[in-house]
1. Select the helices (runs of 4 or more DSSP H) contained entirely in the stretch B:368-483, then report the ones holding at least 2 residues which are away from chain A (no Cβ under 14 Å) and touching a Ser or Thr at 6+ places or on another chain (Cβ under 6 Å).
2. Looking at this structure, is A:L37 touching a Gly at 6+ places or on another chain (Cβ under 7 Å) and at the interface with chain B (Cβ under 7 Å from one of its Cβ atoms)?
3. Hey, does the stretch B:261-271 have a residue that's touching a His at 6+ places or on another chain (Cβ under 9 Å), under 30 Å from B:A222 (Cβ atoms) and more than 10 Å from every other protein chain (Cβ to nearest Cβ)?
4. For the stretch B:681-698, check the following and say yes or no: at least one residue is of a type in the set (V, I, T) and surrounded by fewer than 21 Cβ atoms within 10 Å (Cβ to Cβ).
5. If you go through the stretch B:108-158 one residue at a time, how many are within 13 Å of chain A (Cβ to nearest Cβ), of a type in the set (G, A, S) and exposed (fewer than 15 other Cβ atoms within 10 Å of the Cβ)?
6. Residues that are in contact with a His (Cβ under 9 Å, 6 or more places away or on another chain), modelled with pLDDT of 95 or more and among the polar types (S, T, N, Q), at least 1 per element: which strands (runs of 3 or more DSSP E) completely within the stretch B:569-662 meet that?
7. Out of (1) among the hydrophobic types (A, V, I, L, M, F, W, C); (2) modelled with pLDDT of 95 or more; (3) in a loop (DSSP other than H, G, I, E, B), the odd one out for A:A20 is which?
8. Which of (1) part of a helix (DSSP H, G or I); (2) touching a strand residue (DSSP E or B) at 6+ places or on another chain (Cβ under 6 Å); (3) surrounded by 17 or more Cβ atoms within 10 Å (Cβ to Cβ) does B:G548 not meet, given it meets every other one?
Amino acid sequence: MGSVRGKTSGSVMVVGAGIAGMQASLDLANSDYYVHLVDKLPTVGGMMARLDKTFPTNDCAM
Amino acid sequence: MISPKLVEVGRHLNVNIITNSEIKSVEGEPGNFTVTLVNHPRYIDPVKCTGCGECARHCPVTAVNSYNKGLDERRAAFIEYPQAVPLAFGIDADTCVGCGLCENMCVAKAIRYDDTERESTLTVGSVILASGSQGYDPSSLDYLGYGKFANVVTSEEFERILSASGPYRGHLCRPLDREEPKKIAWLQCVGSRDTNKCGNGYCSSVCCMYAVKEAMIAKEHAHCDLDCAIFNMDIRTFGKDYEKYYLRAKDKDGVRFIKSRVHTVTEVPETGDLIVRFVNEAGEILEETFSMVVLSVGLQVPETSKILAQQLGIELDKYNFALTDPFTPVSTSREGVYTCGVFQGPKDIPGSITEASAAACAAGSDLAAARGTDTKFIEMPDQQDVSAETPRIGVFVCNCGINIGGVVNVPAVTEYAAGLPYVVYTDHNLFTCSQDTQDKIKEKIIEYKLNRVVVASCSPKTHEQMFMETLEACGLNRYLFEMANIRNQNSWIHSKTPAIATQKAKDLVRMAVARSATLKQLKEKVISVNKQALVIGGGVAGMNAALGLGKQGFQVALLEKEAELGGFSRKLHHTIEGGDIRAYLNKLVSDVTSHDKIEVLTGARVVDFSGYKGNFTTDVMLGSNNEKRTIKHGIIIVATGGKEYTPKEYAYGQDPRVVTQVQLGDILEEKGAGDLSSVVMIQCVGSRNDENINCSRICCQNAVKNALIIKKQNPETNVFVLYRDIRTYGLMEDFYKEARNLGVIFIRFESENPPLVESSPDGMMVTIRDHILQRNLEIQADLVCLSAGMMAEDTTELCGIMKFNRNPEGYFIEAHVKLRPVDMPGDGIFLCGTAHGPKLITEAIAQAQAAASRATTFLSKSEIKLSAITAHVDTEHCVKCLTCVRSCPFNVPVFNTEKQVIEIDEAICHGCGICAGVCPRETIQLNYYENDQILCKIDALLAGGM
């Protein structure tokens, strides 16, 4: 991927695939940019995927 | 809540997930960076792995389960949790013994023992750092007994204990003896607000909320009347509506909140109970015994993020958070590199999501010229019309490795399916979801002229979209597809009774085949998107939102009701960090007014509104001569702002020596603090009371900010801050500490015992009950400053026209408090700034950029394809009883008085089916779920002789 032809690339790298990284990636990908989402763990989700319920709605975090 | 996002990033054509990888270097310049990644070995090929789990089931090695914070064990071949994305296992090389069992068992041939560390490169235009946080490790705080006493756990561990997928399957147990605790204590500020023992001087901003939540959930889980006590210095429930949850915990559910400092935690060896020794507000040393202690650990930047920052050459603050400016909250010190989430500073989930969108806005703005140059898209062939054909059904039964095949007799189910009506082709596959099976399904659709497809496998929730796309790829309408879930609803729950499971699989397949024969091809409505944006409100939030959109290349109409831009921030001078608001505002106004994509309309009033996402029309009256303008636009951003509460309390308005923080700001700016000898500030005026339950979020930092200015200008001035809880969350805690160091005196009072303010010729006299001294204090002041709360601007007229929902306090309601903090419930409408709730300038800027980013996801498309699953009315048989009008949660069905019919606009219908369910004459049908399409499944089930 990436642009070798022009100066500006249409791709973005997002480092960290927790809830913030995922949201940034989805916004960019849904706005016609290509996203490389990099995480050091084998799975995306980050800290939020390790919570039980969330404040203040008591919705299940997962 | 996070699962749908996991699935969405996992399936998105334009998100390339790279796991097990770290950044080695980022070279180049903004717009064109070359990134070198280190890809660590996973030992299982994530592309080939189908997530069946056979490797883990046969792995003989146990390892500590880090996902459950070490409270239980997993195998060396593992997946972190069942919903993981990518749904692929990995091998933990530190514990794997290389026995080869998993390699032998893996039917998908995905095991790669010879996998090695590699390097790869990417070319990108911008970088976003969202590397997050880790919980503080309290092992070194020996007075708390963590690691020494089994029943002292961290809040992160307690989350896993409460979770149904946790080590105790959601049963409330303590680790020592798996007994249910009777009394639990939460100790706040462990690893936060503590420069002595751990060096983290900041407030982590989330612990008060999660501790209250954990206490409430624990009470729900407990079989006894669980006693929960939260030991704290201040309770900082400063977010929108957070105070209500805290009050519910305190007043209704009996959670105890104890203002205290904890001295030590010791264990009663015989019982494993814990004695908490603490000092209360009156200075008394007390002890209380609990069955369990939870340490509310703070958020901390992990070591790996410090290394990341070094490699990227970005500056960190003294606590290792990414250094940012109050007016550019998501920009790091390196151009083209942005940050969001906890790496930017301690914050909660909605704050992180908001900032993530803001970072996306900033990162995208830099690359607007190259938008769409790297994205992929799939060309779909033209759809063939099969509506006149007799159904020709193909049934594909999945073994799911041995998940289904190990229980259900899959060949027998396949053979059974072949005998069902209209079925012309059947097959069974090892993994129906694999790429090669998709290709096979496509071949068979063409070869056998299939016009309906049934897959008997797992859940439509995760796989339906993918199979539907396979149909579309060979020109078949996506709605001619049906799934039978013979795994989650069958083989997994009847694993001990294979014969019955096989029978049930046949029943489920028979039902699915019956329904598929009734399916119709549906047309998805395509609507065009008007690329113009409308921003309502020309304050800091509205202007930033307009700029964010303008930089992305979209035309913006910015409405301001006053004659000039700026809003409430015109009354402010400096941020607590010292940022010059006036200078910033002047630059912002000039950037906005000179931007060729932004049209500023001042003196503007909305008078009419209609339309739906992508196609709105708003009529506006402009200026004093009421010139009318009609604006057509695709999205709306609401940024109507807020104002300072005008106090009725404490002789405000009667005595000129009683002022608000905003007025004090003006006084300090104009005259300085030279002639002030004593100033008393009173917190929570117009907040946290019966009229306005919520905390106004900004007033504590306002008081600290002005107190610091006074003390720095005139150290001789006595400054007293009378407060209930000091809520200087995040990095602002440092300023609170600085104020105390400079001699500002903070005195706490209870809401039922507020200070008394009296005017006298010699000055104001303030009387307050001091908790520590246990007596009344009288303070003479030449100025009493009220920390008046925030109020939303009056938007009654606007809401009457545009039909936006507000909460009882007048703030607009977001689509979801946690996950969609800047989206409004109506599609294409977004929200930012104080119109959403009280917030700091920095936060309003981030939220405005976030709203611009969310709006860009709409505006960057020329058209939107809507789901065909919508309701439609048979107007001929409808008796106009209006039950649908009353029942729709989205107010979609309307009675057209001219035509005398009920109308349901498919562009705004959510397809929930409620109207179809309640219609007494059954004249409303939901596409894809029509009555006969549901009832035929029941008929098919009963035909089996149940």
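1. It comes to B:410-418, B:435-447.
2. Yes: the conditions hold for A:L37.
3. No, the stretch B:261-271 contains no residue that is touching a His at 6+ places or on another chain (Cβ under 9 Å), under 30 Å from B:A222 (Cβ atoms) and more than 10 Å from every other protein chain (Cβ to nearest Cβ).
4. yes
5. Final tally of qualifying residues: 1.
6. Strands (runs of 3 or more DSSP E) meeting the threshold: B:615-622.
7. Just one mismatch for A:A20, condition (3).
8. (2)
The values are calculated or read from the model by the stated rules, or taken from the named source; none is laboratory data. It should be emphasised that the depicted structure is a prediction, and the values quoted were computed from it without experimental measurement. Note: ideal-geometry Cβ built from the backbone for every residue, glycine included; neighbour counts use all protein chains shown.
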